[in-house]
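Q: Before I ask anything, let me first share the structure, which is written out below as structure tokens.
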């Protein structure tokens, strides 16, 4: 985070990603308080912000550590002084295992797995380092990405892993990303119950087989809202709560006051009724769609005006036919997906009271290996 003398927002060139620092701070505090009141650990996923400074703030407010997706992100965070890290991605291949070994020399690293061959590679590394690498076993609770099915199928995998000498199973984990398709509190609660209960059932199956798995780790911003209603969960891994975005708005877990991130653009063309063009396209905004509404982002305070189409440097904005927009007018968009928007920028501008107060560097931008 770079501090400098506050300057008016008008002096920042567009397109630019803005973060309201007061909203960010409130979001960090609120989630830490939620976890503390539920009696669970908070291990936020830093893929959303990729910022060492924000990760440090999360730990300052009570997070036990962080979650990352890739080794490159972990390397950046360790260099930034963070020591308790879950890499929530399978690590495969000699080169990656060598990089993991270097991290293990200075930090407390956990790794997720969902296949015995991945576990064997980690076990061999653990044996070579004369230690046991802690593992989170990924379980499919409905997203249909990584993870075997809950219950016996995952249980049998854990039994195989338990025979390996260089690793230890520390947790069962899952990601309830399917929750982003929900729009009612009832449906979100059901998704949170599903996420938790299927892991607990798997833990109980393993207990009957004589294997104790101490941690149950769930991860999704929408389902984390209901962690206090779940039994057996010991850890949550939300990510996008830090910034908020259009998809979170659509689920109803936040309102616009919870959106710390916006993208500031300038109207550069008004070629026909119903359309204006802004100077932010696919290289500025995430191309992720929102399952609940058309387009790639909405204007703050006016959700009827939205990014209808993106090309590389142009954003086609759908506006009412009778609306008049001036060339040079600035429009502020809430993007559909804050995580992927962040990764497209080297820096974001921190605002307070309508003025640019600081620059936040996206330290782990582009760390995809």
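The values are calculated or read from the model by the stated rules, or taken from the named source; none is laboratory data. Note that the structure is a prediction, hence the values are computed from the model and not measured. Note: ideal-geometry Cβ built from the backbone for every residue, glycine included; neighbour counts use all protein chains shown.
Q: Quick test of your reading of the structure: residue 120 fulfils all but one of (1) over 22 Å from residue 218 (Cα atoms); (2) in contact with a helix residue (DSSP H, G or I) (Cβ under 8 Å, 6 or more places away or on another chain). Name the failing condition by number.
A: Among (1) over 22 Å from residue 218 (Cα atoms); (2) in contact with a helix residue (DSSP H, G or I) (Cβ under 8 Å, 6 or more places away or on another chain), the lone unmet condition for residue 120 is (2).
Q: Still on this model: If I go through the stretch 229-246 residue by residue, how many of them are surrounded by 23 or more Cβ atoms within 10 Å (Cβ to Cβ), more than 13 Å from the chain's Cα centre (by Cα) and assigned to a helix (DSSP H, G or I)?
A: Looking only at that region, the number is 1.
Q: Moving to a separate point now. Do we find that residue 16 is surrounded by 18 or more Cβ atoms within 10 Å (Cβ to Cβ) and within 19 Å of the chain's Cα centre (by Cα) in this structure?
A: It is false that residue 16 is surrounded by 18 or more Cβ atoms within 10 Å (Cβ to Cβ) and within 19 Å of the chain's Cα centre (by Cα).
Q: Do we find a residue being assigned to a loop (DSSP other than H, G, I, E, B), touching a strand residue (DSSP E or B) at 6+ places or on another chain (Cβ under 8 Å) and crowded, with 18+ Cβ neighbours inside 10 Å anywhere in the stretch 182-192?
A: no
Q: Right, here's the next one. If I ask for residues that are farther than 21 Å from residue 214 by Cα, at pLDDT 95 or above and in contact with a helix residue (DSSP H, G or I) (Cβ under 9 Å, 6 or more places away or on another chain), which ones from the stretch 123-143 would you list?
A: Scanning the stretch 123-143 gives 124, 125, 128, 129.
Q: State yes or no: is residue 180 assigned by TED's automatic domain parsing to the domain that holds residue 43 and under 23 Å from residue 107 (Cβ atoms)?
A: no
Q: Kindly check whether there is at least one residue in the stretch 212-228 that is closer than 30 Å to residue 14 by Cβ, in a helix (DSSP H, G or I) and either in contact with a strand residue (DSSP E or B) (Cβ under 7 Å, 6 or more places away or on another chain) or assigned by TED's automatic domain parsing to the domain that holds residue 46 (or both).
A: yes
Q: Now, a different point. Can you tell me which of (1) on the phi > 0 side of the Ramachandran plot; (2) assigned to a strand (DSSP E or B) is the one residue 265 doesn't meet?
A: Exception for residue 265: condition (1).
Q: What are the residues in the stretch 272-292 that are free of Cβ contacts under 8 Å to residues at least 60 places away in the same chain, out of contact with any strand residue (DSSP E or B) (no Cβ under 7 Å at 6 or more places or on another chain) and over 20 Å from residue 19 (Cα atoms), if any?
A: Matches in the stretch 272-292: 272, 273, 289, 290.
Q: For the stretch 42-133, please list each of the helices (runs of 4 or more DSSP H) lying entirely inside it that holds at least 3 residues being more than 16 Å from the chain's Cα centre (by Cα).
A: Here the list reads 71-79, 94-104, 116-128.
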